[in-house]
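What follows is one structure encoded as structure tokens, with my remarks underneath.
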Amino acid sequence: MAAAEDEEKRPLLLRLRRPSGGKEDDDGGWRACVLILGTELSDCLAFAGIARNLVSYLTGVVGESNVAAARDVSAWTGTCFLTPLVGAFIADSYLGRRTTILLFLSIYTMGMITLTVSASFATPHLDASSDGDATSGVLRATVFLGLYLVALGVGGIKPCASPLGADQFDDAAPAARASFFNWYYFCINVGSLLAATVLVWVQERAGWWLGFGIPAAVMAVALGALLFCSRLCGLRASQTPPGSPLTRLCQVVVATFRKRRVELPGDSSLLHQLPDGDHRIIEHTDQFAFLDKAAVVVDDASPAASSPWLLSTVTQVEELKMLLRLSTVWPTVVFFFAVTAQMASTFVEQGKAMDTRVGPVDVPPATLSTFEVVSILLCVPAYDAVLMPLARRVTGNRRGLSQLQRLGVGLALSAMAMAYSALLEASRRRAASTPTSIMWQAPSYMVLGAAEVFTSVGLLEFFYDQAPETMKSLCTAVSLVAVAAGSYLNSAIVAVVAWATAPEKGGGGWIPDDLNQGRLDYFFWLMFGLSCVNLLAFVYSSTRYSYKVAN
């Protein structure tokens, strides 16, 4: 145990230089994680390289209208958030995480190659005006085939990469796992930053075929590395799935309903449990005790009495209890992503109403999101090297902060960002005759970037650690769906605010086209208030949360 603790305290780069094999490999697993981090970096580079400039490609090359392009981008993005549920189910039920990643990474690479081929149709002598509808139809079909192959490929990587990386560490090394999730999120943002800068420039200046071809080549290299270097790096594959986890959960629900009138025994040891052996057993907990009826042994000699649809094990019941506990935390995180959605909506609108000149340069408001990425890239190493060791000394927790404490800090920071934005907007309106510099928005982006390091990373770690062993990929996918749910929630809040604050005879209410005629600061104060209520709800649910116990 002491060796494991010493290993966790070593800087990441020194851990990567350890020789493979032996105790160090078991305690760290960092050499194997290089493959996982490289795969995720490649995924984010390719995905962001498409998403950041897809509207320009559809309008400028495919020839779609602005409305059609916006619709198609939204549909594709939404699909990318839904396919992880499919990939996670396949991984947890049939193939395992490593095999699922290899399969979907192959599909992803084919999608990128298809998009690169579609870009070859984008030369001047092959555009729709000169070659007619036939070429235009082939171009459109090729583009959308490539896009949806990519969307399918994303579905197998996003829910499996982080759990597979965490699988490389023993349960005795929780701090190493926490550090892995930090660097995993770091790689996500490095990929996004490279896509937003280098790839977008290449697409606009050097051509779309090269802008798509570079990430396609990177994906192919990642696929080859994962396929041929897994054994060399000591990558541990996940165990063979025992079957559909959803079937086992349904069996608990059905058994509970069928035995709803059965009395629970006073001694939980009388409940049906797996025999000792290689099975991973989850100990009984008292929360959601009504579900324990599924594990009550009925005094009946008929074969039906031992049917899995009438008799469940304590481990099965506890798996369902874990999901119910996670469901109490998930909604509070959804609102966090509704707050971060302001960076792509109201923050940009606020920036347009400010002085966008920084010296001789006219700064587009959307580029201020770079401060969010920079904040994340700075905070991840700082958290791993400074904050975690300091917090470990104060709390005695080997992770530094517990998973729920980490989530709570991020929620609090997001509320602070909304309060700052409200104060900034009020100041901007008061000084309308002297435009406020757009650089005053930078702290809002940086605070939200720091909040993501706590909450987004903490969410991945929390859902991995607290999920049933057989459902870690599926629970990771559910945690990712919170991002999409937060965007939808933000849209709903904005719509309700516009309806509730608009004058009877029309008008923009708090968020009109001319922000000098509205009260965007009131909207930010509303989000601050809701964030505080959400934080209180999180504190309440987290104090009642019961961590899983397994042996």
_Under Karplus coefficients 6.51, -1.76 and 1.60, residue-wise ³J(HN,Hα) of segment 88-93 in Hz, glycine/proline x_ = 5, 4, 5, 5, 6, 9
*Quick one: which of 57-64, 351-358, 442-449, 522-529 comes out on top by average Cβ neighbours within 10 Å, and what's the full order, highest first?*
442-449, 522-529, 57-64, 351-358
*On a 0 to 90 degree scale, rounded to 10, what angle separates helix 174-194 from the longest Cα axis of the chain?*
20
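Could you give the length gained on full extension between Ser327 and Ser230, defined as 0.36 nm per residue of separation minus the Cα-Cα distance, in nm?
Length gained between Ser327 and Ser230: 31.4 nm.
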*Share of alpha-carbon pairs per 10 Å distance bin for segment 245-318, given as whole %*: 21, 57, 22, 0
_Interchain or long-range residues, amide H under 5 Å from Asp355's placed H_ = Thr436, Ser437, Ile438
*Nearest 10 degrees, 0 to 90: what angle lies between the long axis of helix 314-340 and the longest principal axis of the chain (Cα atoms)?*
20
*To the nearest 10 square angstrom, how much accessible area does Ser456 have with a 1.4 angstrom probe?*
10
_Number of Lys pairs in the chain with C-alpha atoms less than 23 angstrom apart, excluding same-chain neighbours closer than eight positions?_
9
_Restricted to Cα positions, what overall size does segment 375-501 have along the principal axes? Three whole-Å values, descending._
58, 35, 21
_Please compute one quarter of the surface area of the Cα convex hull for the chain and express it in square nanometres._
31.5
*What is the packing order of peptides 492-501, 458-467, 337-346, taking the mean over residues of other C-beta atoms within 10 Å and listing the highest first?*
458-467, 337-346, 492-501
_Mean Cβ count within 10 Å, highest first, over the residues of peptides 69-80, 310-321_ = 310-321, 69-80
_Protein accessible area in the chain, 1.4 Å probe - carbon and sulfur %_ = 64
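Can you tell me the accessible area per residue over segment 378-526, all protein chains present, probe 1.4 angstrom, in square angstrom? It would help to have the intermediate numbers written out before the result.
Values: 6200 Å² over 149 residues.
Per-residue accessible area for segment 378-526 comes out at 42 Å².
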*Using the heavy atoms of the protein chains and a 1.4 angstrom probe, tell me the accessible area per residue for segment 245-318 in square angstrom.*
59
*Sorted by accessible area with a 1.4 angstrom probe, largest first, how do Arg31, Arg406 fall?*
Arg31, Arg406
*Express the relative contact order of segment 397-491 as a whole percentage, based on alpha carbon pairs under 8 Å and six or more residues apart in sequence.*
35
_segment 253-370 shape via C-alpha gyration tensor axes, a/c threshold 1.5_ = prolate
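The values are calculated or read from the model by the stated rules, or taken from the named source; none is laboratory data. The model shown is predicted, which means the values in this text are computed figures rather than measured ones. Glycine also receives a Cβ, built like all others from the backbone with ideal geometry; neighbour counts cover every protein chain displayed. Keep in mind that these areas ignore ligands, DNA and RNA; they rest on the heavy atoms of the full protein, side chains included. Shrake-Rupley method; radii C 1.70, N 1.55, O 1.52, S 1.80 Å.
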